[in-house]
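All remarks here apply to the structure that follows.
Where a number appears in this text, it was derived from the coordinates with a stated rule and is not lab data. All of these numbers come straight from a predicted model, not from anything done at the bench. Cβ coordinates were reconstructed from backbone atoms using ideal geometry, including for glycine residues, and neighbour counts include every protein chain displayed.
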Amino acid sequence: MKALVYHGPGQKAWEEKPKPVIQQPTDALVRVTKTTLCGTDLAILRGGVATCQPGTILGHEGVGVVEAVGSSVSGFKPGDAVIISCITSCGRCDYCHRGLYSNCTDGGWQLGNTIDGTQAEYVRVPHADNSLHLIPADFDHEAALMLSDIIPTGLEVGVMNGEVKFGDTVAILGAGPVGLAALLTAQFYAPGEIIVIDLDEHRLQKAKALGATITINNSDGQAAEKVLALTNGRGVDVAIEVVGSPVTCELCQNIIGAGGHIADIGIYAKSVQLHKHILWTKNITLRLGTVNTTTIPLLMKAIKNGKIDPTTLVSHRFKLSDIIHAYDVFANAAQEQAIKLVLTNDADAAQPGANAEAVIQEIVAQVLRKMQ
Ligand SMILES: [Zn+2]
Ligand SMILES: [Zn+2]
């Protein structure tokens with residue numbers, strides 16, 4: 001089969017790899033029909049994720065069709081359409097029983113990190129019964145793909161850890177795919193104000209279209225002053241940090257109001273400063289975390305009933321075999337106006353009419369970008 005293989009910092013290749021096989025009775029073999037790229041993949045390629053060894057197939061998000069299951073898998077059978085959770089988990093250990101799937105003693109973030117991932121024609125999924133979710137017949141597969149990681153991450157690590165509630169003033173620092181996922185899911189709780197801060201004007205426009213009440217371009221470095229002016233000097237109730245940089249970490253602390261919650265989603269490459277000597281008098285709660293994907297079933301219900309449409313985050317569509325080109329587009333996200341890219345297995349993309357709309361959309365988008 002073909003797969004996107006990490007070969008050390010700055011090096012990747014779309015190359016031939018052996019098709020995976022069932023190794024454990026709890027495994028499933030899934031034919032990947034759609035996958036996508038994540039900021040985390042770029043972090044690996046920068047050499048920022050030490051756990052990912054050269055030779056690993058990248059990718060932790062995907063939907064597909066079950067091809068084979070191990071002898072103890074009872075919830076899935078060949079032919080089932082499934083969401084592959086970015087977190088694989090046994091469902092039985094102490095952590096899993098507490099809903100901490102990302103801390104599973106025999107799982108966590110493995111795919112595209114410590115084991116071969118989803119940017120391939122096939123993937124082996126450990127602990128299939130707890131790590132896959134059945135996609136109903138009438139469910140949009142691009143929407144399903146967004147549930148592998150980004151929508152649950154925005155909801156669980158941003159909105160739920162931040163304890164967003166009715167009437168709150170919420171700031172989201174970073175309007176990439178996960179920041180926008182936090183924006184979409186924050187609205188389940190009807191906050192009174194959602195301020196989105198970024199450096200990219202296109203992403204800020206997108207945020208405005210998706211429910212941000214105020215957007216701030218921090219190119220001038222004045223975001224903290226602007227947020228404090230907007231809140232009569234009080235600061236925000238919830239600050240959701242989605243970048244993982246010293247600048248946004250500092251900004252969170254500068255804009256958080258008394259009794260506020262800081263929810264950190266961003267992946268930090270190195271240590272950052274926490275100003276406890278200032279924050280302690282403000283009764284601040286700070287939460288850090290990795291997604292557990294426990295909300296996937298709830299989000300499926302919300303999508304099915306039209307409460308949220310994650311396909312609005314899809315900006316580009318490619319065939320899986322065009323993945324190197326897709327990486328180039330994603331790495332130049334600002335220039336390319338890229339948010340979330342969908343890669344469809346060539347066998348599925350080739351079906352007559354299957355991708356016609358997507359191809360036309362992409363041509364129109366390319367022409368519009370060239371005209372700008
Ligand atoms: Zn991801
Ligand atoms: Zn477990």
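Close amide-amide hydrogen proximity is noted between residue 62 and 84, 148, each under 5 Å apart and 5 or more residues distant or on a separate chain (H modeled in the peptide plane; Pro and chain starts excluded). Check each of the trypsin sites (Lys or Arg not before Pro) in segment 1-60 and keep only those in coil by DSSP with at most 16 other C-beta atoms within 10 angstrom; list them in order. When the trypsin sites (Lys or Arg not before Pro) of segment 1-60 are filtered for loop state and at most 16 Cβ neighbours within 10 Å, 46 remain. Along the positive direction of the dipole of the chain (beta-carbon charges: Lys, Arg +1; Asp, Glu -1; about the Cα centre), which of 314, 302, 281 reaches farthest? Farthest along the dipole direction, towards plus: 281.
The distance separating the Cα centre of segment 24-93 from that of segment 301-337 comes to 19 Å.
With +1 on the Cβ of every Lys and Arg and -1 on the Cβ of every Asp and Glu, and nothing else charged, how large is the dipole of segment 159-288 about its Cα centre, in debye rounded to the nearest 20?
On the way: 10 positive and 12 negative charges, 40 e Å.
The dipole of segment 159-288 has a size of about 200 debye.
Restricting the GluC sites (Glu not before Pro) of segment 95-183 to loop positions (DSSP other than H, G, I, E, B) with no more than 16 neighbouring Cβ atoms within 10 Å leaves 163.
Converting phi to 3J(HN,Hα) with the Karplus coefficients 6.51, -1.76 and 1.60 and the offset θ = phi - 60°, segment 251-263 yields 4, 3, 5, 7, 10, 6, x, 4, x, x, 10, 9, 10 Hz in sequence order, with x at every glycine or proline. Look at the Cα gyration tensor of segment 1-138: its axes a ≥ b ≥ c give a/c of at least 1.5 with a/b at or below b/c, and that counts as oblate.
Can you say what percent of the DSSP beta bridges in the chain, counting only those with both residues inside, are antiparallel? Round to 5.
On the way: 29 of 57 bridges.
The answer is about 50 percent antiparallel.
Peptides 255-262, 179-186 ranked from most to least packed give 179-186, 255-262, packing being the mean of other C-beta atoms within 10 angstrom over each peptide's residues. Restricting segment 181-272 to trypsin sites (Lys or Arg not before Pro) that sit in a DSSP loop and have at most 15 other Cβ atoms within 10 Å of their own Cβ leaves 234, 270. Rank 148, 74, 245 by mean-square fluctuation in a GNM of the chain with C-alpha springs under 10 angstrom and give only the top-ranked residue. Residue with maximal mean-square fluctuation among 148, 74, 245: 74. Taking amide H as placed 1.01 Å from N in the peptide plane, residue 111 has its amide H under 5 Å from the amide H of 88, each at least 5 places away in sequence or on another chain. By the rule of a C-alpha distance below 17 Å, with chain neighbours fewer than 8 residues away ignored, the aspartates and glutamates paired with residue 12 are 41, 116, 121, 322, 328.
The HN-Hα couplings worked out from phi for segment 7-13 by the Karplus form 6.51 cos²θ - 1.76 cosθ + 1.60 (θ = phi - 60°) are 10, x, x, x, 10, 8, 8 Hz, whole numbers, x standing for Gly and Pro. For residue 77, the lysines whose Cα comes closer than 22 Å to its Cα, not counting residues fewer than 8 places off in the same chain, are 19, 34.
Per-residue ellipticity at 222 nm for the chain, helices alone: DSSP H runs ≥ 4 residues times -39500 (n - 2.57), over residue total, nearest 500 deg cm²/dmol?
Details: 15 runs with 107 residues, N = 372.
My calculation for the chain gives -7500 deg cm²/dmol from helical runs alone.
A viscosity of 1.567 mPa s and a temperature of 4 °C, combined with the Kirkwood radius over C-alpha pairs in the Stokes-Einstein formula, give segment 159-288 a diffusion coefficient of 91 µm²/s.
Residue by residue, segment 291-296 carries 3J(HN,Hα) couplings of 5, 9, 6, 5, 8, 3 Hz when phi is fed to the Karplus relation 6.51 cos²θ - 1.76 cosθ + 1.60 (θ = phi - 60°); x denotes Gly or Pro. Kindly provide the Kirkwood hydrodynamic radius of the chain in Å, to one decimal, from all pairs of distinct alpha carbon atoms. So the Kirkwood estimate lands at 21.1 Å. Near the amide H of residue 216, within less than 5 Å, lie the amide hydrogens of 196, 197, 198, all on another chain or at least 5 residues away, with H placed in the peptide plane. Helix 356-371 and the long axis of the chain differ in direction by around 40°, with both axes built from C-alpha atoms.
Ignoring lysines fewer than eight residues from residue 282 along the same chain, the ones with Cα atoms less than 21 angstrom from its Cα are 165, 226.
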